[in-house]
1. Kindly provide the set of residues from the stretch 18-42 that are farther than 11 Å from K3 by Cα and of a type in the set (D, E), ordered by number.
2. Give me the residue from the stretch 1-20 that is part of a helix (DSSP H, G or I) and of a type in the set (A, V, I, L, M) and, out of that set, most open to solvent (accessible area, probe 1.4 Å).
3. So for the stretch 3-13 (the condition being free of Cβ contacts under 8 Å to residues at least 12 places away in the same chain and out of contact with any helix residue (DSSP H, G or I) (no Cβ under 8 Å at 6 or more places or on another chain)), does at least one residue qualify?
4. Among the residues of the stretch 21-43, write down those that are open to solvent by 60 Å² or more (accessible area, probe 1.4 Å) and in contact (Cβ under 8 Å) with a residue 40 or more places away in the chain.
Amino acid sequence: MQKIQCQNIKCEGCVKKINDALLGQYPSLRVNITTQIVEVEAKESELNAIRAKLRELGFLASDGIFNKFKSFYRK
């Protein structure tokens, strides 16, 4: 089981958004609102696609120093 630390997962609506996007392809997917962790059984090669989808949905910060500053100032 792979764990992906996310951000902005605050309610069941967020969980539904993630499930709608990924659960069909990854039936083992579980989202924990409290820890903001997405768990999924996936091959290492599939994780990039999962992370890209989470990033697109706004639940995973983009890589790079600019986005680290942006997320810092958003708090």
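The values are calculated or read from the model by the stated rules, or taken from the named source; none is laboratory data. Note that the structure is a prediction, hence the values are computed from the model and not measured. Here Cβ is always computed from backbone atoms with ideal geometry, including for glycine, and neighbour counts include all displayed protein chains. Surface areas here come from the heavy atoms of the whole protein model, side chains and all, with no ligands, DNA or RNA. Shrake-Rupley method; radii C 1.70, N 1.55, O 1.52, S 1.80 Å.
1. Residue satisfying the conditions is D20 alone.
2. Step one: filter the stretch 1-20 for residues part of a helix (DSSP H, G or I), giving 12-20.
In the following step, the residues that additionally are of a type in the set (A, V, I, L, M) were identified as 15, 18.
Details: V15: 17, I18: 0 Å².
Here the residue is V15.
3. Filtering the stretch 3-13 down to residues free of Cβ contacts under 8 Å to residues at least 12 places away in the same chain leaves 13.
Imposing the further condition that a residue be out of contact with any helix residue (DSSP H, G or I) (no Cβ under 8 Å at 6 or more places or on another chain) reduces the set to 13.
Yes, the stretch 3-13 has at least one match.
4. Here is the first cut: in the stretch 21-43, the ones open to solvent by 60 Å² or more (accessible area, probe 1.4 Å) are 23-25, 27, 30, 32, 34-35, 41, 43.
Within the stretch 21-43, E41 is the sole residue that qualifies.
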